[in-house]
1. Quick test for you: out of Asn113, Asn119, Asn156, pick the one residue that is in contact (Cβ under 8 Å) with a residue 40 or more places away in the chain, within 26 Å of Asn55 (Cα to Cα) and out of contact with any Lys or Arg (no Cβ under 7 Å at 6 or more places or on another chain).
2. Being free of Cβ contacts under 8 Å to residues at least 40 places away in the same chain, crowded, with 21+ Cβ neighbours inside 10 Å and touching a strand residue (DSSP E or B) at 6+ places or on another chain (Cβ under 6 Å) is the requirement here; does Asp146 meet it?
3. Given Ile308, Ile277, which one is within 28 Å of Ser188 (Cα to Cα), buried (at least 17 other Cβ atoms within 10 Å of the Cβ) and touching a residue at least 12 places away in the same chain (Cβ under 8 Å)?
4. Would you check which residues across segment 1-37 are without any contact (Cβ under 8 Å) to a residue 24 or more places away in the chain, of a type in the set (Val, Ile, Thr) and outside any loop (DSSP other than H, G, I, E, B) and list them?
5. Which members of segment 87-105 meet the condition of being assigned to a loop (DSSP other than H, G, I, E, B), within 11 Å of Ala67 (Cα to Cα) and touching a strand residue (DSSP E or B) at 6+ places or on another chain (Cβ under 6 Å)?
6. Can you tell me which residue in segment 91-105 is nearest to the chain's Cα centre (by Cα), limited to those that are without any contact (Cβ under 8 Å) to a residue 24 or more places away in the chain and crowded, with 17+ Cβ neighbours inside 10 Å?
7. Are any residues in segment 302-311 of a type in the set (A, V, I, L, M) and either more than 29 Å from the chain's Cα centre (by Cα) or at pLDDT below 95 (or both), and if so, which ones?
8. Could you list, in sequence order, the residues of segment 225-251 that are closer than 18 Å to Leu192 by Cβ and part of a loop (DSSP other than H, G, I, E, B)?
Amino acid sequence: MANQDHLALIKEGVAVWNEWYQKNKRIIPDLAQANLNGLNLRGINLQKANLNHANLSNTDLTEAQLADSDLEGANFLAANLEHANLKGANLDYVIFSQAKLNEKTIISTNSRNVWEIVNQKVRNKNFNGIDLRNSNLFRANLSKADLSHAKLENANLNSANLNNAYLFKANLTGANLQNADLRNAYFSQANLTKAYFSGASCCGTYFKDAQLKLANLKRAKFSRKTMIDLKWHFVWDIVNRGAAKKDLSGIDLSHANLQGVDFAEANLQGANLSHAILSHSNLDLANLTNTDLGGANIVGVDLNRANIKGAKLKSVIGLNTKLPITVKPTNTSLMVKERPTTVAPTSIISTQKEDTVIENQDKPKNKKKNNIFGFLLLGLVASGIAGCYVYLNQNSEFSWQKISQRLQPWKYKLEQLIPVN
């Protein structure tokens, strides 16, 4: 939230603000999330200011000094940025719809490209290799555009028109394609890792040889004309239609996003679920015999009644998982870490010795089978392990909830086109 003193000061006018800022150069103005809608800020000095997610819609910023400022997620709807200096400013996810720029506006090439696309100022749609990372292309019209080799990592393409667009080898890692028109678009060899497809129209879309690791295909609109590799079509079918009681033995679902899927009583014997997201899925009475779950995210999964005989559980993610009583916790080590921001943070089950929280205990060396002291020592060790295991589970949950609140997936943080004043 904005510093209330700074907010009150800027509303007194540009002259008052600039005089104060000139005398307090060491202060970094904090106007994060400030509502500056419609103000006359012509010629204002906001260098290095924090304007993160500020509402600057309809604001006159002509000749404003915004160099090196933090404007991530700011709303420039219908704002005047003519002759403004935005050199070095953070313009990730900025709303440029209807904003006014001219040749004298100092702004990065990438951000000017975003402004031109959003406001349909481009003469042609040849964007081969264009850099649009971390950009807000909400409702952008990219129909029939050549976006081959384009850099679109983490771009917000919510409701964008990509009908018949050519995206050969484009990088859309973490891109938000919610409700996007992808009909007849060409994604061959494109990187769609962790992309979000909810509500996207994919009739006639070409996904052959595309990378869809951990992509969220829930509620994506496929048809018989959707061309996609068999593995990912299986994933789409499972997440949208469920897999209860289905025979999925030997199936390859590695690196698939299967969050919340109903696998109750499903036969997954010998299946490859390594590095898959299975958090909060239903695996009640599922057959996981000899299933590869290495590196899989099973946070919140109840495996108490599942058959996991011979299953590979190395580096499984999820301390909250309820394992069958027959599974001995001494075969694994537990360690709470933060994962990279591109993946939801969780508690990690690690097998590395240096990360061990619960270590295997060596049995006391005693050749006499009836040594009472040996049995007592083993009992104390077992009680210690059980107590440590319960403590970690109780405390790791709190850590997981705090971290997950800071990092939410695309569907929980879509930018508003016109923020409420």
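The values are calculated or read from the model by the stated rules, or taken from the named source; none is laboratory data. Computed from a prediction, not measured in an experiment: that's the story for all the values here. Every residue, glycine as well, gets a Cβ built from its backbone with ideal geometry; the counts of neighbours run over all protein chains shown.
1. Testing whether each residue is in contact (Cβ under 8 Å) with a residue 40 or more places away in the chain, within 26 Å of Asn55 (Cα to Cα) and out of contact with any Lys or Arg (no Cβ under 7 Å at 6 or more places or on another chain) leaves just Asn156.
2. no
3. Ile277
4. Val16
5. Residue satisfying the conditions is Lys87 alone.
6. Leu91
7. Leu303, Ala306, Ile308
8. If the condition is that a residue be closer than 18 Å to Leu192 by Cβ and part of a loop (DSSP other than H, G, I, E, B), then Thr226, Ile228, Asp229 are the ones that fit.
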